[in-house]
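Shown next, in structure tokens, is the structure this report addresses.
The values are calculated or read from the model by the stated rules, or taken from the named source; none is laboratory data. Quick caveat, the model's predicted, so the values are computed rather than measured. For neighbour counting, all protein chains shown are included, and Cβ atoms are generated from backbone atoms with ideal geometry for every residue, glycine included.
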Amino acid sequence: MKMKRILITGGAGFLGSHLCDRLLAEGHDVLCLDNLYTGSKDNIRHLIGHPNFEFIRHDITQPIFLEVDEIYNLACPASPVHYQYNPIKTIKTSVMGAINTLGLAKRVKAKILQASTSEVYGDPEIHPQPEEYWGRVNPIGIRSCYDEGKRAAECLMMDYHRQNGVRIKIVRIFNTYGPRMAINDGRVVSNFIVQAIKGEDITVYGNGSQTRSFCYYEDLIEGIIGMMATTDGIIGPVNLGNPSEFTILELAENVIRLTGSSSRIVFNPLPQDDPTQRRPDISKAKELLHWAPGIPLADGLAKTIQYFKGALNSL
Ligand code: NAD
Ligand code: UDP
């Protein structure tokens, strides 16, 4: 197999750092670019000094000139708490980050994969969501900086492909969880696990009847790598996620059971525009990538709980 030079933007984040591990293990040269906004050096500390690994502290809203064969564009805060903290920066990261990485891909003829999201479907009326569905996104709400930023990034990917022949891949990632999510990430799986381990109240927003479909990171990383490896004719978008759907209340009950916690469930107000249901139709990923997730929620949660116990202990 040919050794490639691979750029991962957002490489010090939760998913990006696992992708760094995976691609280094395959023998590639990995350039990990990150401004450490939500990512952390802790996620990549074990890679510093590896002969095929370089960390570049850089903000992807600024152009960058590198020689690479492939680009995984993951830079963007993914937790609602973090992407809503500085919404203007969030949409700049998605839009200017896409322009800068696509410009780089065009210049050096690299293949580029965009980490898009199930959020492009907004609060969907079609269930489960196939890639053909155009979505129901509020363009002016508090989630718009993320949703519309990601939609614009998909648009830019398609336009660079049609206008300049850039080799692109778009994956739409559904809720993914696992070790290396930040303790203060704010997304539901890490929140519930941290609360349960600490014996604090489990904060269910709304009545907990809204649904999500949770994918363990190992499955997701396989899907992303599989998509990058497809022939140039396959550009996506392709949904990647685990179709097993749970209510948020069921998730809370699972976390309490698996941690053996004495935490109580409390109900807090539902944030604006919180999607009521979400489940991927993964027919395309099955057909094109021969990919389907294999790790059930209880198994993935158990591994993630182990990780957070260690992370909280070492604070
Ligand atoms: P994360 O917050 O852990 O990772 C994002 C990384 O991007 C962080 O390391 C952060 O510091 C970096 N970053 C943010 N803004 C940047 C900028 N301007 N310049 C350079 N680096 C920047 O989140 P994650 O869950 O690992 O998500 C990775 C990607 O996958 C994101 O693009 C996200 O939108 C997408 N995604 C994730 C999920 C999921 O459930 N985990 C679902 C859908 C899409
Ligand atoms: N949620 C919750 N309690 C929390 C964090 C999130 O009930 O402490 C809910 C949130 O309202 C949403 C779901 O869990 O309905 C998933 O939220 P998350 O922030 O993980 O990601 P989203 O899929 O909304 O982008």
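With 36, 74 as the choices, which residue is surrounded by 19 or more Cβ atoms within 10 Å (Cβ to Cβ) and under 22 Å from the mean Cα position of the chain (by Cα)? Break it down stepwise before answering.
Working: 36 fails: surrounded by 19 or more Cβ atoms within 10 Å (Cβ to Cβ).
Exactly one of 36, 74 is surrounded by 19 or more Cβ atoms within 10 Å (Cβ to Cβ) and under 22 Å from the mean Cα position of the chain (by Cα), namely 74.
Among the residues making up region 98-115, those that are within 19 Å of residue 163 (Cβ to Cβ) and among the small types (Gly, Ala, Ser) are 98, 103, 105, 110.
Which one is nearest to residue 198 (Cα to Cα) among residues in region 229-247 that are aliphatic (A, V, I, L, M) and either modelled with pLDDT under 95 or surrounded by fewer than 20 Cβ atoms within 10 Å (Cβ to Cβ) (or both)?
Restricting attention to region 229-247, the residues satisfying the condition of being aliphatic (A, V, I, L, M) are 229, 234-235, 238, 240.
Narrowing the set further to residues that are either modelled with pLDDT under 95 or surrounded by fewer than 20 Cβ atoms within 10 Å (Cβ to Cβ) (or both) leaves 229, 234-235.
On the way: 229: 42, 234: 46, 235: 44 Å.
Selected residue: 229.
The residue pairs whose first member lies in region 161-176 and is buried (at least 17 other Cβ atoms within 10 Å of the Cβ), whose second member is part of a helix (DSSP H, G or I) and of a type in the set (D, E, K, R), and whose beta carbons are closer than 7 Å, counting only pairs six or more residues apart or on different chains, are 166/106; 170/154.
Taking the criterion of being buried (at least 20 other Cβ atoms within 10 Å of the Cβ), among the basic types (Lys, Arg) and touching a helix residue (DSSP H, G or I) at 6+ places or on another chain (Cβ under 7 Å), the only residue of region 270-315 that qualifies is 278. Annotation note: Cβ proximity below 7 Å between a residue of region 191-216 that is under 23 Å from residue 295 (Cα atoms) and aromatic (Phe, Trp, Tyr) and a residue that is at pLDDT below 95 and near ligand 2 (Cβ under 10 Å from one of its atoms) (sequence gap 6+ or interchain) occurs for no pair. Checked against (1) of a type outside the set (A, V, I, L, M); (2) part of a helix (DSSP H, G or I); (3) in contact with an Asp or Glu (Cβ under 7 Å, 6 or more places away or on another chain), residue 141 passes all but condition (2). The helices (runs of 4 or more DSSP H) found wholly in region 10-111 and carrying at least 3 residues that are more than 16 Å from ligand 2 (Cβ to nearest atom) occupy 14-25, 87-108.
When we screen 193, 221, 197 for residues that are part of a helix (DSSP H, G or I), touching a His at 6+ places or on another chain (Cβ under 8 Å), of a type outside the set (Phe, Trp, Tyr) and under 27 Å from residue 255 (Cβ atoms), the only hit is 221. Residues of region 186-209 that are within 12 Å of ligand 1 (Cβ to nearest atom) and buried (at least 21 other Cβ atoms within 10 Å of the Cβ): 188, 189, 190.
Every test in (1) among the polar types (S, T, N, Q); (2) more than 16 Å from ligand 2 (Cβ to nearest atom); (3) touching a Gly at 6+ places or on another chain (Cβ under 8 Å) is passed by residue 175 save one, and that test is (2).
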